[in-house]
Amino acid sequence: MTTKQDDKWIGELVGALCDPIIVYPSGWEDTLPDWIKSQIHLERLIMNAKVMKEGGVPVGDTEALAYMYPRTMEAPMSEQWFRIYMYVFTQAMKFKKTEVPEDLRSETLTDYDMRQLDDLKRWIYQKRVQHRKEKARDERRQAAEEAETKEASGAKELETKPVQPSFF
């Protein structure tokens, strides 16, 4: 029998692979590069293992980059969010093992900017979990409705079937 903690860990593992990628709502969501999408799933698995040991939120820099990316297409960002965006971009490219030009590279953030990024990551994680719970609830509701429908149709079949089979 599994414990509640084991169930949570399994849920997080499944979520790492199946949860949607949360992006800023705009007309640019569909332009998210494919390499970011695949990298997010791998990074989620790594972050889940890291969270198991150290605690924290299983949202990596690439996932934060994916959220911010459509926002950058709409209008200029503030200086602070530009710094954060360039930081997560640099971190995502390191994960991809691609060199970022020196004039675009951002290796560190101030404590305040890092707290803002951590808040964004927590918010993204909350939205992922909320979506997972809503999806599970909808699946349970649909399964219950199907069972009721099947049960009701089964009862009708019993009512209409003759007790003794007809040979003619």
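The values are calculated or read from the model by the stated rules, or taken from the named source; none is laboratory data. Since we're looking at a predicted model, the values are computed, not measured. Quick reminder, even Gly has a Cβ in these numbers, built from the backbone with ideal geometry, and neighbours come from all protein chains shown.
Numbers below:
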| read-out | value |
| --- | --- |
| Complete set of residues in the range 1-10 that are of a type outside the set (A, V, I, L, M, F, W, C) and not in a helix (DSSP H, G or I) | Thr2, Thr3 |
| Any hit, the range 96-117, residues being under 23 Å from Met47 (Cα atoms), in contact (Cβ under 8 Å) with a residue 60 or more places away in the chain and not polar (S, T, N, Q) | yes |
| Positions within the range 120-154 being among the aliphatic types (A, V, I, L, M) and closer than 25 Å to Asn48 by Cα, in sequence order | Leu120, Ile124, Val129, Ala136 |
| Per-region count, the range 1-45, residues surrounded by 13 or more Cβ atoms within 10 Å (Cβ to Cβ) and either of a type in the set (Asp, Glu) or over 30 Å from Glu74 (Cβ atoms) (or both) | 8 |
| Lone unmet requirement of (1) in contact (Cβ under 8 Å) with a residue 60 or more places away in the chain; (2) out of contact with any His (no Cβ under 8 Å at 6 or more places or on another chain) for Pro20 | (2) |
| Condition check for Pro101: within 22 Å of Pro25 (Cα to Cα) and at pLDDT below 95 | no |
| Any hit, the range 69-79, residues being surrounded by 21 or more Cβ atoms within 10 Å (Cβ to Cβ) and among the charged types (D, E, K, R) | no |
| Criterion: modelled with pLDDT of 95 or more, closer than 15 Å to Ala16 by Cβ and either touching a Cys at 6+ places or on another chain (Cβ under 9 Å) or of a type in the set (A, V, I, L, M) (or both) - qualifying residue of Ile124, Ile84 | Ile124 |
| Where a residue in the range 123-150 is farther than 18 Å from Ala64 by Cα and its partner, wherever it lies, is part of a helix (DSSP H, G or I) and not β-branched (Val, Ile, Thr), with Cβ under 7 Å and at least six apart | Arg132/Gly15 |
